[in-house]
1. In Å², and per residue, what accessible area does the chain have when probed at 1.4 Å with the other protein chains present?
2. Would you tell me the accessible area of MET48, worked out with a 1.4 angstrom probe on the heavy atoms of the protein chains, in Å² to the nearest 10?
3. Highest GNM mean-square fluctuation, the chain, Cα pairs closer than 10 Å: which of GLY30, GLY43, GLY20?
4. Given only helices, namely DSSP H runs of n ≥ 4 each adding -39500 (n - 2.57), what is the per-residue ellipticity at 222 nm of the chain, to the nearest 500 deg cm²/dmol?
5. Jot down the per residue volume, in cubic angstrom and as a whole number, of the convex hull over the alpha-carbon atoms of the range 1-50.
6. Using a probe of 1.4 angstrom, how much of the accessible area of the chain is carbon and sulfur, in percent?
7. I'd like the accessible area for ARG42: 1.4 Å probe, protein heavy atoms, all chains in place, Å² to the nearest 10.
8. Considering only lysines 8 or more places apart in sequence, or on different chains, count the pairs in the chain whose C-alpha atoms sit under 22 Å apart.
Amino acid sequence: MPKVKTRKAIAKRIKVTAGGKLRRHKAGAGHLKSRKSPKRIRGLRKEMGVSAGFARHARRMLGI
């Protein structure tokens, strides 16, 4: 069987931790920050986990 190719679009957006969990950045932090509160902008800086349903698909696309 041929090797499974990595989906590069997913690989650029999702990081795999040492424990095997998937982490991603929150949406909405790219632009238009002047209308967002400082509290909201601080919250957008943090990474968050990927939902369990999407994690299955993401693992397959990452070749894990």
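The values are calculated or read from the model by the stated rules, or taken from the named source; none is laboratory data. Please read these numbers as outputs of a predicted model, since none were measured by experiment. We work out accessible area using only protein heavy atoms, side chains counted, and drop any ligands, DNA or RNA first. Shrake-Rupley method; radii C 1.70, N 1.55, O 1.52, S 1.80 Å.
1. Values: 5580 Å² over 64 residues.
On a per-residue basis, the chain sits at 87 Å².
2. 70
3. GLY30
4. Values: 3 runs with 25 residues, N = 64.
My calculation for the chain gives -10500 deg cm²/dmol from helical runs alone.
5. Details: hull volume 4.4 nm³, N = 50.
Residue-normalised Cα hull volume stands at 88 Å³.
6. Values: 3120 of 5580 Å².
Carbon-and-sulfur percentage of accessible area, whole number: 56.
7. ARG42 exposes around 120 Å² with every protein chain in place.
8. Taking the Cα cut-off of 22 Å, the pair count is 17.
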